Structure formats: C-alpha cells, structure tokens
Amino acid sequence: MVFKTIREDIRTVFRKDPAAKNLVEVLFCYPGLHALWLHRIARLFYRMRLRTIARMVSHMGRHFTGIEIHPGARIGRRFFIDHGMGVVIGETAEIGDDVLIYQGVVLGGTSLAKKKRHPTIGNGVVIGTQAVVLGPITIGERARVGAGSVVLKQKSWIMAGSLTPLQMQSSLSLINMKAWNRGWFKSKTRKGSTSKSVR
C-alpha cells in the first residue's frame, strides 16, 4: 500500500510538471513531493495524538522544503505542489484529490477559535502562485484560483466550481481593489493633487 502510494505520487509529478525529466530528478529535486511525504509521517503521529512529535516532523519539513503543512491538514490523493517555496496549509484545511497548487499559496484561517477555520478545496482545483484563501470557505471542484488572488468570502460561484470555474484574474478581489482605489484617490485629492492622465 505504501509503495503503491509512492508510485502514484511520482506519476503525479510527471503528469503535472512537463519539466520533470527522469526518476532520479523527481526523487531528489522536488520539494513539494518531499513535503507531502513528510506530512504523511507527521499526520500519522498527529492521529496517534503524539502532537509534539507531529509538529517536530512538520517543522523539519518546513526547514528542508520551505513548505509548511500542519499535521492536522487532510490531503487527498495525487496532490502536487509545484516549486513550493512559501506554501502554508493550516491545521483544519481539507484538500481533495488531484489538486495542484503553486508557490506562495496560503490556505489560512481568520479565527482564533479552536474549530474549522481553514478552507476546503474540492477535487481537481488549481490554485495559482501567491494566491491566498482564508477562512472556512469551500472552493468547488475543478475551480481555478488565479495567481495573486485573495479569497475571503464564500460565494455561490465558488461552490459551483464544476459548472462555473472560479477564474480570478486580479491580484486582489474586485471589491477590495475598488475600495483601495477610492481611498487612494480621495487621499490624493485632499492633498491638493490634480488628476492627470497616465502616460
């Protein structure tokens, strides 16, 4: 069972990263793969209620790979982290099968309560570079979260990802960007600045 899972993980790398050339390269040069394997060890200790040992294994994985996955996070099959540096996955995060995430992604929480406070990611989701998903929200199956996006609230079109994939193209949500622009313009106006066209 263990070797079958390892073979599946390796095949997933070849399937999701066209830059993967050979088995030796995948085994030694893919921190996302190493982080996943160390997480499974940490998760085993976590489920045995050896929480300190679990966190130590997790911390070791963070040190060697630059990827921080809390031992409490639940991760499905064929999960792949491409490049990986700066990825953070919180304690109550749940990730489905065939999920692909890139470097700098954060699946974080917005609450200090000891309850479900991290995102649930559906099957087949792709999360782009530096995207941030916060809180106990659900990203629907086969959704796409664009690079640099910030997802803070649950929306119906996120739940229905299999029908209307989430394709956020802005580096911030549209609402937050508009609010930022209004605040910036007002502050410049108060200082007596004149509006000029951008050249």
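Observations on the model:
- Additional length obtainable on full extension of the chain from K21 to V88, 0.36 nm per residue less Cα span: 21.4 nm
- Each residue of segment 56-69 was assigned a 3J(HN,Hα) from its phi angle through the Karplus curve 6.51 cos²θ - 1.76 cosθ + 1.60 (θ = phi - 60°); the sequence is 5, 5, 4, 5, 4, x, 4, 5, 8, 10, x, 10, 10, 10 Hz, with glycine and proline shown as x.
- Between R49 and S111, the contour length at 0.36 nm per residue exceeds the Cα-Cα span by 20.0 nm.
- Amide H to amide H distances under 5 Å link V150 with V132, S173, where only residues 5 or more positions off or on other chains count and H is placed in the peptide plane.
- Contour minus Cα-Cα distance for Q154 and E8 (0.36 nm per residue): 49.3 nm
- Simple label model, 7 Å out from Cα along Cβ direction - R77 to F28, nm: 3.1
- Each peptide in 136-149, 46-59, 72-85 receives the mean, over its residues, of other Cβ atoms within 10 Å, and ordering these scores from highest gives 136-149, 72-85, 46-59.
- 5 angstrom amide H check on G124, placed H, neighbours 5+ away: D97, D98, V99, R142
- Straight-distance crosslink candidates among aspartates and glutamates, where the alpha carbon sits under 15 Å from K114 and sequence neighbours closer than 8 are dropped: E91
- Span from the segment 77-118 Cα centroid across to the segment 1-76 one, whole angstrom: 13
A short reminder: the numbers here are calculations on the coordinates, not readings from a lab. The shown structure was predicted, so the numbers you read here are calculated from the model rather than taken from an experiment. FYI the Cβ positions are ideal-geometry reconstructions off the backbone, even for glycines, and counts take in every protein chain you see.
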